[in-house]
Amino acid sequence: MSEHRNQLDGCKVLRPHDDSELPQPTKPKERGSRRKTADRFKVLNTFVDFGLVGLKRNEVAVWLVLYRDSRDGIARTGQTDIARRIGASPRTVIRSLSKLESRGLIQIVHRGGLNRGVSAYRVLPLNPPDV
């Protein structure tokens, strides 16, 4: 009974901690990652400063979803997923994508569909007007 004094009924004793099972520290990020981050913020800042004019709420929301989902400049996501995330209909997303493409804010790289996978979009950086 004395050996079970610190143990609750139904609980088992864990083995001692072993540091070799802990995740090993990763090597520091490469210098190029800072450049990618700076470029992403430049795209976002330029969009906020110059791209919002004339866009509707849904078009801005679609652009933001694509911007957030982009990896290496390409966002791969379905139109129904975008619609669910922004709280709009798939038809609204299609209209918004068309408007964004005509304004030069995105490029449709791959049109997805049934048995074709999800669509792929490239979020294009804006060229700000000379101020």
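The values are calculated or read from the model by the stated rules, or taken from the named source; none is laboratory data. Just so we're clear, the structure is a prediction, and the values are computed from it rather than from any experiment. Virtual Cβ from ideal backbone geometry, glycine too; neighbours counted across all protein chains shown.
Taking residues in the range 68-84 that are without any contact (Cβ under 8 Å) to a residue 60 or more places away in the chain, and partners anywhere that are among the aromatic types (Phe, Trp, Tyr) and assigned to a strand (DSSP E or B), the pairs with Cβ atoms closer than 9 Å and at least 6 places apart or on different chains are ASP69/TYR121; SER70/TYR121; ILE74/TYR121; ALA75/TYR121; ARG76/TYR121; THR77/TYR121.
Give the range 73-124 a look and list any residue that's polar (S, T, N, Q), modelled with pLDDT of 95 or more and over 21 Å from LEU52 (Cβ atoms), or say none. Within the range 73-124, SER89 is the sole residue that qualifies.
Sort through GLU30, GLU3 and tell me the only one that's surrounded by fewer than 10 Cβ atoms within 10 Å (Cβ to Cβ), more than 15 Å from the chain's Cα centre (by Cα), at pLDDT below 90 and in a loop (DSSP other than H, G, I, E, B).
Working: GLU3 fails: in a loop (DSSP other than H, G, I, E, B).
After applying the criteria, what remains is GLU30.
Remark: THR92 matches the filter, which requires a residue to be in contact (Cβ under 8 Å) with a residue 24 or more places away in the chain and either outside any helix (DSSP H, G or I) or touching a helix residue (DSSP H, G or I) at 6+ places or on another chain (Cβ under 6 Å) (or both).
Residue-level check: of (1) within 23 Å of ASP39 (Cβ to Cβ); (2) among the hydroxyl-bearing types (Ser, Thr, Tyr); (3) more than 19 Å from the chain's Cα centre (by Cα), SER102 misses just (1). The residue of the range 64-94 that is surrounded by the fewest Cβ atoms within 10 Å (Cβ to Cβ), among those that are more than 11 Å from the chain's Cα centre (by Cα) and among the hydrophobic types (A, V, I, L, M, F, W, C), is ILE94.
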